[in-house]
1. Yes or no: segment 340-351 includes at least one residue that is assigned by TED's automatic domain parsing to the domain that holds residue 275 and not in a helix (DSSP H, G or I).
2. In segment 301-314, is there at least one residue being modelled with pLDDT under 90, buried (at least 21 other Cβ atoms within 10 Å of the Cβ) and assigned by TED's automatic domain parsing to the domain that holds residue 401?
3. Determine, yes or no, whether residue 150 is in a helix (DSSP H, G or I), assigned by TED's automatic domain parsing to the domain that holds residue 118 and modelled with pLDDT of 85 or more.
4. Can you tell me which residue is modelled with the highest pLDDT among those in segment 247-269 that are under 11 Å from residue 314 (Cβ atoms) and surrounded by fewer than 16 Cβ atoms within 10 Å (Cβ to Cβ)?
5. Return the only residue of 215, 281 being surrounded by fewer than 17 Cβ atoms within 10 Å (Cβ to Cβ) and farther than 23 Å from residue 360 by Cα.
6. Taking segment 363-380, which residues are touching a helix residue (DSSP H, G or I) at 6+ places or on another chain (Cβ under 8 Å) and at pLDDT 80 or above?
7. If you go through segment 7-39, how many residues are within 24 Å of the chain's Cα centre (by Cα) and under 24 Å from residue 76 (Cα atoms)?
8. Would segment 298-314 turn up any residue that is under 20 Å from the mean Cα position of the chain (by Cα) and in contact (Cβ under 8 Å) with a residue 12 or more places away in the chain?
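The values are calculated or read from the model by the stated rules, or taken from the named source; none is laboratory data. What you are looking at is a predicted structure, and each value in this text was computed from that prediction instead of being measured. In this analysis, Cβ positions are derived from the backbone assuming ideal geometry, glycine residues included, and neighbour counts consider all displayed protein chains.
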């Protein structure tokens with residue numbers, strides 16, 4: 001069994017890293033190409049929107065289908081469908097039509113397919129590696145994403161000047177194909193629960209069943225609400241940081257790139273650390289501590305924007321911001337990892353896809369609203385005040401969560417059950 005788990009992890013990591021890196025390079029280059037061809041930041045923003053919107057809208061459906069169908073087949077289908085779709089776009093764009101709408105269409109369909117892929121993968125990890133290797137597999141999954149986030153823009157930026165956009169399509173076609181082939185040889189049913197008879201319900205009925213299940217789980221309801229508000233207040237970070245660095249502090253664009261890159265580096269380092277450690281036992285301490293750390297760092301990021309510190313040189317604030325962003329991403333991993341491990345373990349296999357998709361939808365649905373609101377407020381409120389306010393709102397959210405106790409009580413219950421199980425096994 002142990003060898004099968006290791007083999008699954010190796011194949012999974014190979015496929016995930018290959019596909020994620022290819023998509024990261026392609027996505028970055030598409031944005032550059034559209035910006036270079038049109039000179040319009042609006043067109044660039046549309047590309048970003050088309051990258052996010054399908055996931056927000058279709059995640060619940062993707063979760064329902066991942067519970068209804070064989071997840072392995074859904075993962076393999078998504079990989080090869082992405083490769084085939086991109087091959088079709090390559091032919092159209094190379095030989096028939098090079099208008100921007102073709103790239104918009106390509107981006108939209110790719111992100112729709114990737115939504116089904118990502119939800120199916122997330123809900124299948126437990127069955128692939130089992131409870132004891134769950135944190136390791138999920139940490140390595142995040143590590144692959146972080147590596148691709150770091151290397152994608154670097155490789156895309158370097159190669160953009162040397163190759164036509166169609167070349168990057170071919171690269172991504174190859175990476176999707178490699179990922180699909182790797183997934184064929186993964187045993188996604190290694191720890192699957194006993195298969196039940198195929199459901200005769202409609203997809204809509206099963207979606208409603210998933211919502212009803214989540215509604216009847218106080219812990220899950222509390223977690224989704226925390227995710228919604230937490231991601232809303234955190235949306236200030238990607239909006240305020242560029243404004244603080246470029247507009248307020250007048251730093252160079254490459255310095256902003258390094259500071260933002262530190263976020264992915266922090267995620268990568270913490271992912272590797274967690275993949276080598278035993279599962280986090282004190283989940284309550286990790287989550288609450290991570291939330292407080294995140295709130296404090298958000299407030300500290302605003303310090304360079306205080307008018308009284310205007311005379312301090314950027315040579316001091318540049319490394320200061322890098323260190324804070326590293327800590328911020330590390331705290332996020334300490335929050336996310338125990339939550340995801342807990343959900344994987346405590347959710348029945350038949351509902352796991354729908355539960356994961358509901359959480360992801362809740363976490364991402366408020367982010368676009370946060371982008372718009374905080375973008376408008378930055379024109380009227382000093383950036384440091386906005387960051388401090390959002391950090392304080394996160395602290396209020398934590399205190400309210402502690403007061404309600406629903407989330408905390410469930411965490412403590414799981415910890416006690418795990419301790420009892422360990423003592424029994426010994």
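1. Yes; the residues of segment 340-351 include at least one that is assigned by TED's automatic domain parsing to the domain that holds residue 275 and not in a helix (DSSP H, G or I).
2. no
3. No; evaluated as a whole, the condition is false for this residue.
4. This residue is 250.
5. So the residue among 215, 281 that is surrounded by fewer than 17 Cβ atoms within 10 Å (Cβ to Cβ) and farther than 23 Å from residue 360 by Cα is 281.
6. The first filter runs over segment 363-380 and keeps only residues touching a helix residue (DSSP H, G or I) at 6+ places or on another chain (Cβ under 8 Å), leaving 363-371, 374-375, 377-378.
Hits for segment 363-380 are 370, 374, 375, 377, 378.
7. 20
8. So far as segment 298-314 goes, yes, one or more of its residues are under 20 Å from the mean Cα position of the chain (by Cα) and in contact (Cβ under 8 Å) with a residue 12 or more places away in the chain.
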